[in-house]
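The values are calculated or read from the model by the stated rules, or taken from the named source; none is laboratory data. Just so it is clear, the structure is predicted and the values come from calculations on it, not from any experiment. Backbone-built Cβ (ideal geometry, glycine too); neighbour counts: all protein chains shown.
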Amino acid sequence: MADNQFDVVVIGSGPGGYVTAIRAAQLGYKTAIIEREHLGGICLNWGCIPTKALLRSAEIYHYMNHAKDYGLSAKDVAIDTAAIVERSRGVSKRLNDGVGFLLKKNKVTVIWGEAQITKAPVTTGAGKGGSVPGQIKVSATKKPAAQPAHPVPKTQAGAGTYHAAHIIIATGARPRVLPGLEGDGKLVWTYFDAMVPKQMPKSLLVIGSGAIGIEFASFYRTMGTEVKVVELLDQVVPVEDHEIAKLAARSFKKAGMKLMTGAKVTKLDRKTDHVIATIEDAKGKTSEERFERVISAVGVVGNVEGFGLEALGVSVERGCIKTDGFGRTNISGIYAIGDVAGPPMLAHKAEHEGVICIETINGRKTHPLDPLKIPGCTYCHPQIASVGLTEHKAKALGYELKIGKFNFTGNGKAIALGEPDGMIKTIFDAATGQLLGAHMIGAEVTELIQGFVVAMGLESTEEDLMHTVFAHPTLSEMMHESVLDAYGRVIHN
């Protein structure tokens, strides 16, 4: 094959894109990945990874200010905003370098530039099929300063025409912008701006309490900023189970965060060094409040524009590319994975979806993506994690339920850690013992949730979980106790 001929071309190098490209190469496909900005995409460079680095700094700062609770003394604890941001960006760069190394190791060609799909492939089925390859025109873009310092895989000249039997779109998503709430990089921030503050603002308004909004609210509040969160729906972290959301709200308020639910920001009046926000409450009453900075975190929207989908007739629904569970679009030879293919918009969903897609192309036996088995994690303080159905959703679907709950106050490890606040909730189908959902709030629950994800994947019943031995002393014992509680057998409650 010529250098512009490939079996598979992936557009976008975020978690879904680069994982898909690597798996394609492992399966023997000549593979290229087109990227316009930076390897690793938004997640690695401006999302999942750098925010966790910021939150880790906040967590350490929190513990240092509570050193006396652990019999220790810490004096003159101070914040160095520039150093915190520098650490976060360094963590991101390290992983960015790692993606470049992995692509090189797997002989994936990296093409820098803007992609335009001009012709769809005509495929003949599984394997390396594709009697008439699709065509992609790439216009060169300036390589970002954050490009890996070490050698990356062989890089094409960028501008040019490329051909592939299979084209996989993994272009991700961007912050949703509401009229009047647009970010300006100074007073009104998107999450890009919120990750690189020059100094900690004295006051902050966060619009939206999804994972992005509440993580930033938690970070800035821990660092001493006066934070107010305005949420349009009737509970904070609205995708979570109502009891978990209630406990989260209580913890956030205890930390000094101000919360408004069922409310909306109708206007932002931008002054020289502050913003006057007009807020309408659940009863329609409006008020004006002053904030140094505002973060608009009202969700994300898929990157579906500008690379030829309309002309090709690719089906787009609610701002995302419509797929069939295996990554296939309505146009043969064109696939979509990750955020651009719709919710849940999570990095690990994108990776899993990409592997399903390329293995399906390869003719392997695969299963369609099941969104209910994709865990969600929010790294605020306290952490929140969940998988499967909430109690309200399960009831709405007609299930008769058995529900178990266990509080952190009954766990020895949680008490020893000084983290006695939290709860684990499990939801079972009373008729079959099937685990329908698990919901957690508290220390390290973003790590604990995977136990229930595995259980759901293996179709474990309540009996399987009750007969499983959990190590002592661990936080995971609470998972066991929660299951026992659902069936009237809890020990430590």
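Of all residue pairs spaced 6 or more apart or on separate chains, none has beta-carbon atoms under 8 Å together with a first member in the stretch 372-383 that is among the charged types (D, E, K, R) and a second member that is part of a loop (DSSP other than H, G, I, E, B).
Filtering the stretch 387-441 to residues that are more than 26 Å from the chain's Cα centre (by Cα), hydroxyl-bearing (S, T, Y) and under 20 Å from R489 (Cβ atoms) leaves T409, T432.
Would the stretch 299-312 turn up any residue that is among the small types (G, A, S), assigned to a helix (DSSP H, G or I) and not assigned by TED's automatic domain parsing to the domain that holds E447? Yes; the residues of the stretch 299-312 include at least one that is among the small types (G, A, S), assigned to a helix (DSSP H, G or I) and not assigned by TED's automatic domain parsing to the domain that holds E447. Checking the stretch 119-139 against the condition returns no match, with no residue being loosely packed, with under 15 Cβ neighbours inside 10 Å and modelled with pLDDT of 95 or more.
I'm trying to understand the selection: among the residues of the stretch 238-258, which are of a type in the set (K, R) and touching a residue at least 24 places away in the same chain (Cβ under 8 Å)? The answer is K258, and nothing else.
Here L259 meets the list (1) closer than 30 Å to I449 by Cβ; (2) of a type outside the set (V, I, T); (3) not in a strand (DSSP E or B) almost entirely, failing just condition (3). Within the stretch 399-409, one or more residues are in contact with a strand residue (DSSP E or B) (Cβ under 8 Å, 6 or more places away or on another chain), charged (D, E, K, R), assigned to a strand (DSSP E or B) and in contact (Cβ under 8 Å) with a residue 12 or more places away in the chain. Evaluate the stretch 343-357: report whether one residue or more is outside the structural domain of R23 (by TED's automatic domain parsing), in contact with a Pro (Cβ under 8 Å, 6 or more places away or on another chain), touching a residue at least 60 places away in the same chain (Cβ under 8 Å) and under 29 Å from P175 (Cα atoms). Taking every residue of the stretch 343-357 in turn, none turns out to be outside the structural domain of R23 (by TED's automatic domain parsing), in contact with a Pro (Cβ under 8 Å, 6 or more places away or on another chain), touching a residue at least 60 places away in the same chain (Cβ under 8 Å) and under 29 Å from P175 (Cα atoms). Only one of T272, T323 is crowded, with 17+ Cβ neighbours inside 10 Å, of a type in the set (S, T, Y) and assigned to a loop (DSSP other than H, G, I, E, B). Can you tell me which? Just a single option satisfies the conditions, and that option is T323.
Got at least one residue in the stretch 290-313 being farther than 30 Å from K119 by Cβ and of a type in the set (D, E)? Within the stretch 290-313, one or more residues are farther than 30 Å from K119 by Cβ and of a type in the set (D, E).
Criterion first (part of a strand (DSSP E or B) and either in contact with a helix residue (DSSP H, G or I) (Cβ under 9 Å, 6 or more places away or on another chain) or in contact (Cβ under 8 Å) with a residue 40 or more places away in the chain (or both)) does L436 satisfy it? The answer is yes for L436. Checking each residue in the stretch 13-30 for being among the aliphatic types (A, V, I, L, M) and either free of Cβ contacts under 8 Å to residues at least 40 places away in the same chain or within 12 Å of G338 (Cβ to Cβ) (or both) picks out only V19.
Pairs linking a residue in the stretch 295-316 that is closer than 30 Å to E231 by Cβ to a residue that is among the basic types (K, R), with Cβ atoms under 8 Å and 6 or more positions apart or on different chains, are V298/R176; G299/R176; V300/R174; V300/R176; V301/R174; V301/R176; N303/R174; V316/K322. Contact annotation: residue pairs with Cβ atoms under 8 Å, 6 or more positions apart or on different chains, pairing a residue in the stretch 466-493 that is closer than 13 Å to G451 by Cβ and without any contact (Cβ under 8 Å) to a residue 60 or more places away in the chain with a partner that is β-branched (V, I, T) and in a loop (DSSP other than H, G, I, E, B), are H480/T468.
In the stretch 93-122, the residues that are over 20 Å from Q5 (Cα atoms) form Cβ pairs under 8 Å with partners that are assigned to a helix (DSSP H, G or I), at six or more places apart or across chains, as follows: L95/L44; L95/I49; N96/L44; N96/N45; V99/Y18; V99/L44; L102/Y18; L102/I22. None of K75, K104, K68 is in a helix (DSSP H, G or I), surrounded by fewer than 20 Cβ atoms within 10 Å (Cβ to Cβ) and not assigned by TED's automatic domain parsing to the domain that holds G158 except K68. For the stretch 1-12, filtering for residues that are assigned to a loop (DSSP other than H, G, I, E, B), in contact (Cβ under 8 Å) with a residue 12 or more places away in the chain and surrounded by fewer than 24 Cβ atoms within 10 Å (Cβ to Cβ) leaves 3. Yes or no: V230 buried (at least 17 other Cβ atoms within 10 Å of the Cβ) and either assigned to a loop (DSSP other than H, G, I, E, B) or within 22 Å of the chain's Cα centre (by Cα) (or both)? Against the criterion (buried (at least 17 other Cβ atoms within 10 Å of the Cβ) and either assigned to a loop (DSSP other than H, G, I, E, B) or within 22 Å of the chain's Cα centre (by Cα) (or both)), V230 qualifies. Sort through I295, I279 and tell me the only one that's under 24 Å from the mean Cα position of the chain (by Cα), outside any loop (DSSP other than H, G, I, E, B) and surrounded by 12 or more Cβ atoms within 10 Å (Cβ to Cβ). Result of the check over I295, I279: I295.
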